[in-house]
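Okay, structure first, notes after.
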Amino acid sequence: MAFHIARSATLTISAAFAAASPVQMLPAQAQVVAESGAVLPGYVGTADLILEAPVVLDARIRSAARIKGAEAAGVPAGQARFYVEADVLALIRSDAPLPTRLGYVVDVPLDARGRAPKLNKQRVLLFARQVAGQPTMLQLPRADAQKAWTAELDALVRRIVREVVDPAAPPAVTGLGNAFHVPGTLPGEGETQIFVQTATGAPISLSILRRPGEQRRWAVALGEIVDDAAGPPPRDTLLWYRLACGLPRALPASSLSEQEPANATLARDDYAFVLAQLGSCARGG
């Protein structure tokens, strides 16, 4: 759910708080400081947010005014809508300069007694986009795009942002191209290659090697040439995320149209092996 209100209502709310919103600009920041490097839970859900939000901020809430009436239409049961103003503590990701104080609308859960939380002075991480024509306003693209700040989450966010803005970042997976299995000279020996389609057209390929008496091995290659020294991507990295969350659950028939039935069966089995090795794309956190 995208949090927004009608343009006229947004302008009214923004004007009401304009006296407390100096438009002092922060420089755009394309990269982030060094991260902790720890493998933390919640990688997939956090990466989802970062890839959807071109602006990522560390901020402290300065004021929060509850919105009622027509401007609160559509608020989910058990939640309350607020207009929030927050001071930017750190600009983690943005392609353009931003004010040091920003406003946005957010829906937050009520407590067990139905009372609204106290948001003032809370430190939060925001995943947002700018509102066109309103430099002091942000829009949160999802219900969970405001998160309580913790050192662990901050480190994870900065690590993922650093991966995302890297010029060599792996692109999103859009499908599968050709796949083929080539038997070896010995019984049980062979290699499967699977070509992955991407949003940018940049090549990604998977190779799975079978040798008699050995565990199957697989590797991923970014580029036209398969590196014999390559291996699977480490878990909770952007390349792992792209594959675990983007690959189809089975090889389509079109990928195997030129394969003999026996080789096609082995290619399907090798692809299933890769999916099992990648593990679940469990969203959350």
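The values are calculated or read from the model by the stated rules, or taken from the named source; none is laboratory data. Everything quoted here is computed from the prediction, not taken from an experiment. Note: ideal-geometry Cβ built from the backbone for every residue, glycine included; neighbour counts use all protein chains shown. Only protein heavy atoms, including side chains, enter the accessible area calculation; ligands, DNA and RNA are left aside. Shrake-Rupley method; radii C 1.70, N 1.55, O 1.52, S 1.80 Å.
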For segment 188-285, with every protein chain kept in place, what is the accessible area per residue (1.4 Å probe, Å²)?
53 Å²
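Set the Förster distance to 25 Å, then compute FRET efficiency between Gln122 and Glu52 from the Cβ-Cβ distance, nearest 0.05.
Values: r = 22 Å, r/R0 = 0.89.
With R0 = 25 Å, the Cβ-Cβ based efficiency is 0.65.
Ignoring any ligand, DNA or RNA, what whole percent of the accessible area of segment 182-248 comes from carbon and sulfur when the probe is 1.4 angstrom?
On the way: 1920 of 3600 Å².
That fraction is 53 percent.
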Provide the gained length on full extension for the span Leu275 to Ala253, in nm with one decimal, where the gain is 0.36 nm per separating residue minus the Cα-Cα distance.
6.2 nm
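Given a 1.4 Å probe, how much area per residue of segment 111-168 is accessible, in Å²? Spell out each step's value before the answer.
Numbers: 2990 Å² over 58 residues.
I get 52 Å² per residue for segment 111-168.
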Accessible surface, 1.4 Å probe, highest first, among residues Glu85, Glu214, Glu189
Glu214, Glu189, Glu85
Whole-number Å³ per residue for the convex hull built on Cα positions in segment 168-210:
70 Å³
Work out how much length Arg142 to Ala202 would gain on full extension: take 0.36 nm times their residue separation and subtract the Cα-Cα distance, in nm to one decimal.
18.7 nm
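In segment 86-115, what trypsin sites (Lys or Arg not before Pro) fall in a loop by DSSP, with at most 15 other Cβ atoms inside 10 Å?
On the way: sites: Arg93, Arg101, Arg113, Arg115; in loops: Arg113, Arg115.
When the trypsin sites (Lys or Arg not before Pro) of segment 86-115 are filtered for loop state and at most 15 Cβ neighbours within 10 Å, Arg113, Arg115 remain.
Accessible area of segment 83-157 with a 1.4 Å probe: how many percent of it is carbon plus sulfur? Intermediate results must be reported in sequence, preceding the final value.
Details: 1640 of 3150 Å².
The C+S portion of the solvent-accessible surface of segment 83-157 is 52 percent.
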